[in-house]
Amino acid sequence: MADAQAESAGEGWQNGQLLSMRDIHKSFGEVNVLKGVDFHVGSNEIVGLVGDNGAGKSTLIKLITGVHRPDSGEIYYKGDSITIHSVKRSRALGIETVYQERALADQQTLWRNMFAGRELTHALGFLKVREQKDRTDKMLREHIGFTSKAITTDSMVMSLSGGEKQGVAIGRALYFDADLIILDEPTMGLSLSETRKVLDFVQGIKRRGKSAIFISHNIYYVYPVADRFVILDRGQVAGEFLKKDISQDDLVERMVLLARTGKLD
Amino acid sequence: MLKSARIRELRLELSILAVLVVIYGLFFSLAPNVFFRFDIYYSFMSTIPFFGIMALAITLVVTLGQMDLSFPSVLAFSAWIFGKVFEISGNIWLALLTCLAVGVLAGALNAFLVVQVRIPSLVATIGTMFFFRGLVNISAQGKGISLVEAKGTFFYELCVGRIGGVIPAQFLWFAGLAIAFWFLLNRHCFGSHILFVGDNAESARMMGINVKRVKTIAFMQMGLFAAFAGILSTLEVTYFWPSQGQGYLLTTLAAVFIGGTSVYGGMGTIIGTFIGALIIGSLEAGIIAIGLTGFWIQVIYGLIIMVSVSIYAVLLRKRGEA
């Protein structure tokens, strides 16, 4: 049994699947959020995970990152089982996430937020403050490109605009050089130029040979940057399309139909 | 100008320092015969540390967004254990160990109720406050324990001896612990986790911080330092009495809040608590010294608390964001 599992997992990795989720079920109390979902991400692939509110997208990615555990089903990453899993382990494996909630602490400085949960420390646990501040500064200037002199590593998150906060959350994910970057509604509340920046980030991920899961309501943002679309509806996968097989308008139409009738065609 | 966290903290700490300066300015000018002599400071140094040390420890708990009302009772119960074990065994080091262990376990009980059973800490610790006071009542049966035999031992000197014949050792403990707590909260990984969890526990969880463990350790260290304060206050008079600790609840919390630590969590100032303790600890004697009757004490406490926390509310509100 274990051998067969290992073999199939190995197969998954050999097939170039970075992430493979099989028959995932998840409930919270009485609410059945995921009802048998199969989901995978390939190497150097941008997957657009789309669907209405309540479809289960955020829950699905929290299973990947170890925030929650599936009630049943299996998850493989690079061929290894990560069904039972923690946030720490997911980061060690090279999975980074920009959560919808952003996971920033408002009253804390940027240099604390950058390294939240993975602080750089000396032997007894004392922070390497100088190093954390320097690296945060580097991240701000190079990766996010904050040119404003007003934003420093000592700035509190609460004094940043929505777009700047998003920039910090994304910059944090990119900085740690993940192989799989998950972005949950990263353009929410952003201006047009800030949204443009986010989409550029995502395209940059593709160029660097990494993979990403891009969750958004907005097909018009997802379509240009994704390679494949997975439509989640009420806890199940309603459909999957490769970009080359479907036009943007067609995809939009199908989504509208789905919302109205519960079916894709 | 964008708010730097450091500047915000600095403002709070400068405010409380200003309050201290103003109060002592009044004391110096209205009661110079008392405040220009060493005696009163000797008295302050002997007494402030008992609640001051607990104020430092509880600053971590409040920064976490939690509350602990049980510490005066934990102080008393662990002090009883200290006295009893010493009385029975004659070994003060054994008494020390058991006393601290009891404090830590009491903290663990609080942690269990808050973290595992998920009772809000304010409510849970009201329960444990009564519970541990009750344990003291049952155990002590209204009787005190004499620790006169401890006087003169190395341990006694270490805790409450007069360093250089002048400085009460407990004050050095208080100052030393203030420095240690500052480093813990501001320069240690654990402190960073406390700030994060107090600020946004969900974010902390998503970033892989073990929220349950942070809370558990915070409550356990509170119990530890309540026990330590119990040892100090017991040794100072070489006597354990059953109502020990009573009266420390509000002074300890007042010291923390006038020091500037936010009751909402996510921000804490050890310097503020230290100065807050100095203020609260010297207020009563100072008020009498300047000629007001004891009746004035409560209203002045109240005024200082209201003024300080109002200043902080205004300072913190100036973020420009809800």
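Values computed for the structure shown
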item: Subset of the range A:114-155 that is surrounded by fewer than 16 Cβ atoms within 10 Å (Cβ to Cβ) and under 24 Å from the mean Cα position of the chain (by Cα) - its residue that is modelled with the highest pLDDT; result: A:120
item: Any chance residue B:213 is modelled with pLDDT of 95 or more, over 21 Å from the mean Cα position of the chain (by Cα) and of a type in the set (D, E, K, R); result: yes
item: Given (1) surrounded by 15 or more Cβ atoms within 10 Å (Cβ to Cβ); (2) within 14 Å of chain A (Cβ to nearest Cβ), index of the condition residue B:183 fails; result: (1)
item: Members of the range B:196-248 that are assigned to a loop (DSSP other than H, G, I, E, B), touching a Gly at 6+ places or on another chain (Cβ under 8 Å) and away from chain A (no Cβ under 14 Å); result: B:241, B:242, B:244, B:245
item: Only listed residue being in contact (Cβ under 8 Å) with a residue 40 or more places away in the chain and part of a helix (DSSP H, G or I), chosen from B:60, B:97, B:69; result: B:60
item: Residue check for residue A:189: more than 9 Å from every other protein chain (Cβ to nearest Cβ), in contact (Cβ under 8 Å) with a residue 24 or more places away in the chain, closer than 29 Å to residue A:49 by Cβ and assigned to a loop (DSSP other than H, G, I, E, B); result: yes
item: Qualifying residue in the range B:223-245 (condition: buried (at least 19 other Cβ atoms within 10 Å of the Cβ) and in contact with a Pro (Cβ under 7 Å, 6 or more places away or on another chain)); result: yes
item: Evaluation of residue A:112 against (1) in a helix (DSSP H, G or I); (2) at the interface with another protein chain (Cβ under 7 Å from one of its Cβ atoms); (3) farther than 16 Å from residue B:266 by Cα (one fails), failing number; result: (3)
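Each row is one residue, and each column tells you yes or no for (1) surrounded by 13 or more Cβ atoms within 10 Å (Cβ to Cβ); (2) more than 14 Å from chain A (Cβ to nearest Cβ).
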{"position": "B:9", "(1), (2)": "yes, no"}
{"position": "B:12", "(1), (2)": "yes, no"}
{"position": "B:16", "(1), (2)": "yes, yes"}
{"position": "B:20", "(1), (2)": "yes, yes"}
{"position": "B:25", "(1), (2)": "no, yes"}
{"position": "B:35", "(1), (2)": "yes, yes"}
{"position": "B:38", "(1), (2)": "no, yes"}
{"position": "B:43", "(1), (2)": "yes, yes"}
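Let's see how each residue does on (1) at pLDDT 95 or above; (2) over 30 Å from residue B:151 (Cβ atoms); (3) aromatic (Phe, Trp, Tyr):
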site	(1), (2), (3)
B:183	yes, yes, yes
B:195	yes, yes, no
B:203	no, yes, no
B:207	no, yes, no
B:220	yes, yes, no
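The values are calculated or read from the model by the stated rules, or taken from the named source; none is laboratory data. Everything quoted here is computed from the prediction, not taken from an experiment. Note that each Cβ is placed from the backbone with ideal geometry, even for glycine, and that neighbours are counted across all protein chains shown.
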